[in-house]
């Protein structure tokens, strides 16, 4: 299952926002990712068509099983990478930003070894 990095970011945002408040709307995603509402609208349209996102009453966004699977994978990578970067002395803000850049491109093998390494620290 290969999707674009930006789509992964949208799915991750829906997951994170849903965990915070329960209800997620396009405007929330727009603020969270610092993108326009029009960009969110286009992205949600594509994600719905591909079976990753649902839209309910009042424009509430939700994740399908396949959308949640992708979002959880990316979110786990983000958390692990942020932790690792902080442990090696990177500031929290920079660690968060850099984790966003790395999380999409890291191979599954490298990510698993990194998790094991962090677990031993």
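The values are calculated or read from the model by the stated rules, or taken from the named source; none is laboratory data. What you are looking at is a predicted structure, and each value in this text was computed from that prediction instead of being measured. Cβ sites come from the backbone with ideal geometry, for glycine too, and all protein chains shown count toward neighbours.
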What residue, of 61, 106, is under 21 Å from residue 3 (Cβ atoms) and in contact with a strand residue (DSSP E or B) (Cβ under 9 Å, 6 or more places away or on another chain)?
-> 61
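Residue by residue, here is whether (1) more than 15 Å from residue 100 (Cα to Cα); (2) exposed (fewer than 12 other Cβ atoms within 10 Å of the Cβ); (3) free of Cβ contacts under 8 Å to residues at least 40 places away in the same chain holds:
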| residue | (1), (2), (3) |
| --- | --- |
| 5 | no, no, no |
| 16 | no, no, no |
| 21 | yes, yes, yes |
| 35 | yes, no, yes |
| 51 | yes, yes, yes |
Any hit, the range 92-103, residues being touching a helix residue (DSSP H, G or I) at 6+ places or on another chain (Cβ under 8 Å) and within 15 Å of residue 11 (Cβ to Cβ) = yes
For residues in the range 79-101 being under 18 Å from the mean Cα position of the chain (by Cα) and touching a residue at least 24 places away in the same chain (Cβ under 8 Å), which is surrounded by the most Cβ atoms within 10 Å (Cβ to Cβ)?
-> 81
Out of 69, 12, sole residue that is within 24 Å of residue 111 (Cα to Cα), in contact with a strand residue (DSSP E or B) (Cβ under 9 Å, 6 or more places away or on another chain) and part of a helix (DSSP H, G or I) | 69
Read through the list (1) surrounded by fewer than 18 Cβ atoms within 10 Å (Cβ to Cβ); (2) modelled with pLDDT of 95 or more; (3) more than 30 Å from residue 120 (Cβ to Cβ), then give the number of the only condition that residue 10 fails.
-> (1)
Residue among 35, 24 that is assigned to a loop (DSSP other than H, G, I, E, B) and touching a strand residue (DSSP E or B) at 6+ places or on another chain (Cβ under 8 Å) | 24
Would it be correct to say that residue 119 is out of contact with any helix residue (DSSP H, G or I) (no Cβ under 9 Å at 6 or more places or on another chain), in a helix (DSSP H, G or I) and either outside the structural domain of residue 15 (by TED's automatic domain parsing) or loosely packed, with under 15 Cβ neighbours inside 10 Å (or both)?
-> yes
